[in-house]
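Okay, so here's the structure we're looking at.
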C-alpha cells in the first residue's frame, strides 16, 4: 500500500455538518480520500491537454498543406466571384483597407495609412496578416505585394482579381 500523507482542508460549516450526518465517524477519512481520488480521475492532466493541442495544431497544418496541394493540382478550384475579401477582416481598419483596395485595385502602404488614419506599420501588419490567413485558408493569398511598378504604383499591395467577389 502507498504511504499515506495527512492533508487538512477548510470546508464550509454546512458541508461539514452534512458530512457528520451522512458518514459515520470511522469512515470519514476513507470517504474524503475516495472523493479526492474520484475527482482527480475525472480531471484531465495538463500534459495530456498540451499534447492534444500540439497534435491538433499538426493536423491543422497538414490539412492546410493538403489544401495547398489540391489548389496547385487544380482539384480544389476557385470559381470567379466566390470569395468575399471582407471575410479575412477582423475589425474596422481591415474593412477600410479592403474597401480601398476594392475601389482602387491596389495601394501603397502610406496611401492606406492615410486613408485609415493610422500609421503605416499597423497597415503593413494587417495586410500581412490578411495575406497569411487567406493563403492558409484558400491556398492562395487574396492580397499580394508587388515591389515593381504596376499601374503607375511602385511597391504596392494588390487584390487578386480572380479570387474576389465582383
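Where a number appears in this text, it was derived from the coordinates with a stated rule and is not lab data. What you are looking at is a predicted structure, and each value in this text was computed from that prediction instead of being measured. Ideal geometry is used to build each Cβ from the backbone, glycine not excepted, and the neighbour counts take in all protein chains shown.
The length gained by stretching the chain between residue 151 and residue 38 to full extension, at 0.36 nm per residue less their Cα-Cα distance, is 33.8 nm. Cα gyration tensor of the range 85-159, axes a ≥ b ≥ c as square roots of the eigenvalues: rounded (a/c below 1.5), prolate (a/b > b/c) or oblate? Since a/c reaches 1.5 but b/c is at least a/b, the shape of the range 85-159 is classed as oblate. Working note: Cα gyration tensor of the chain, eigenvalues times five, square-rooted, sorted largest first, giving semi-axes of 60, 21, 14 Å. Sorting 83, 5 by the number of Cβ atoms found within 10 Å of their own Cβ, with the fewest placed first, yields 5, 83.
Counting neighbouring beta carbons within 10 Å and listing from fewest to most, the residues 157, 121 come out as 121, 157. Rounded to the nearest 500, the 222 nm mean residue ellipticity of the chain from helices alone is -18000 deg cm²/dmol, with -39,500 (n - 2.57) taken per DSSP H run of at least 4 residues. Residues 25, 132, ranked from the fewest to the most other C-beta atoms within 10 Å, line up as 25, 132.
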